[in-house]
Amino acid sequence: MISSENSDARVRDLADVERFARRCFEGTPGDAIGVELEFLVFDRADHMSQVPVARITECLPLLPGGGTVTFEPGGQLELAGPPGPLATAVTAMVTDVEAVRRALREQGLVLAGMGLDPVRPPLRQLRQPRYDAMAALLGVPYGPMMMCLSASIQVNVDLGERPEVRWERANLLGPVLNAAFANSPAVGSRPCGWMSGRQAVWLHLDPTRTRPPLRDGDPAESWARYLIHARLMQAGEEDARHPTPPSRVTFGDWMASPGLAGHPPTAADLAYHATTVFPPVRPRGWLEIRYLDALHPRTWPVCVAVTSALLLDDRAADAALAAAEPFADRWWQAAQVGLGDPRLRQAAEDCFRAAAEALPRLGAGPGLVADVDAFAARHVATGRCPAVDLLARVGDPGSDLPAWLGEEVPA
């Protein structure tokens, strides 16, 4: 969370919000990345039952790569690695993921990488004021699906010397990268009609907090307007003394009518509010890339490598943007068809080619580059994003579902 010099200071108008928003674009001017991976956890002997968080926690080892473990409301396991250069960050996270996979496997559990749980219904395990408020605001069916069934890859990227450039790249590339890595085509053991059902869930949620900010000039000004027009989820940070505001109240409404939430909004309230909005790219002193489906525990490095290369390397970014920019606002199309549209497939091919050429310049080893090339050959050149393989298994009653969920290595 971006801190404020005076967290008790009252936030009165657009100028106050803009000052906060500008700090969200002030960070380390480097090229470090951070990786956050969400996984679904299944019981190999009973893949239709939820695995309690307490059982998962008991199985977890110390993480040799220096990462940390948290859980999402439905019990999805999240691994977060320390930021660093691309190769270092990926290597550390690979080590942690493999350690967790082995430990869970010994206890009959499977670490599965996909954007939506394809078989189990939503069941919330974590009960916290933040999650209670989120559930009340977002409603059904998409609120429980997002909170309890979804899993993603989040790539955190330094702002660099030109934050506005990386912000623009991250947003423009979103639909094409979402299509290329789409991996959530089923819910309730049936096709859901989307290659990235996870992204479709986000698109159907509260648009004041999940749509992309407008790209119309100064990113900080755009982010400030976004925060003002987003509905309040909670008035204060998990404080029961703060009454929950009416569901349609925005932060701007609160500034104009301080009594709506029992006290005037402060800088601390604004900083907390910024953590409750979830656009595809979110600035927090770095950029959070939030539009990528979870992938198999052994193929997620490809997603991190490609995304990072296209944001960090100027030559790769120029080539990729030339291909991806025509699709910059086609979030719905990309989530629905994946690479089934030949034009999206061609744009993804151009992006992957640019990323593969850039990776050695970013210090990536030949193994990671080879993995990117293999993924491109299997999924991108053929127009078969990972969701296509997943969809085939959902429709095959004879498939070994527990193996498919996480242990099987993609061919």
Rolling a 1.4 angstrom probe over the protein chains, ignoring ligands and nucleic acids, what is the accessible area of Ser189 in square angstrom, nearest 10? 60
Using the Cβ atoms and a cut-off under 12 Å, what net charge is assigned to the surroundings of Arg361, where Lys and Arg are +1 and Asp and Glu are -1? -3
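Let me check I've understood the local charge: for Phe71, count other residues with C-beta under 10 angstrom from its C-beta, Lys and Arg +1, Asp and Glu -1. What total comes out? List each step's numbers first, then the result.
Numbers: positive: none; negative: Glu38, Glu72, Glu78.
Charge balance near Phe71 sits at -3.
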How big is the shadow of the Cα convex hull of the stretch 234-391, averaged over all directions, in nm²? 12.4
Express in Å², to the nearest 10, the accessible area of Trp223 obtained by rolling a 1.4 Å probe over the protein heavy atoms while all chains stay in place. 0
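Cα convex hull of the stretch 19-91: how many Å³ per residue? Numbers along the way, then the final one.
On the way: hull volume 9.5 nm³, N = 73.
Convex hull of Cα atoms, per residue: 130 Å³.
What do you get for Rg/Rh over the stretch 263-331 if you use C-alpha atoms and the Kirkwood form of Rh? Write out the running numbers ahead of the final one.
Details: Rg = 16.2 Å, Rh = 14.8 Å.
Value, to two decimals: 1.09.
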Per-selection Rg to Rh, the stretch 59-118 - Cα, Kirkwood hydrodynamic radius: 0.98
Between the stretch 142-208 and the stretch 298-336, what is the C-alpha centre distance in whole Å? 12
Express in Å², to the nearest 10, the accessible area of Met48 obtained by rolling a 1.4 Å probe over the protein heavy atoms while all chains stay in place. 90
How much of the pair distance distribution for the stretch 17-164 lies past 21 Å, counting alpha-carbon pairs only, in percent? 53
Binning every alpha carbon pair distance of the stretch 333-397 at 10 Å from zero, what are the percents per bin? 21, 43, 27, 8, 1
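So how many Å³ per residue does the convex hull of the Cα atoms of the stretch 82-212 work out to?
Details: hull volume 20.3 nm³, N = 131.
So the per-residue Cα hull volume is 155 Å³.
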Report the Rg/Rh value for the chain, based on alpha-carbon coordinates and the Kirkwood definition of Rh. 0.96
How long, wide and thick is the stretch 297-360, going by the Cα atoms along their three principal axes, in whole angstroms, largest first? 32, 30, 17
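The values are calculated or read from the model by the stated rules, or taken from the named source; none is laboratory data. All of these numbers come straight from a predicted model, not from anything done at the bench. Reconstructed Cβ throughout: ideal geometry from the backbone, glycine too, with neighbour counts over all protein chains shown. For accessibility, only protein heavy atoms count, side chains too; no ligands or nucleic acids. Shrake-Rupley method; radii C 1.70, N 1.55, O 1.52, S 1.80 Å.
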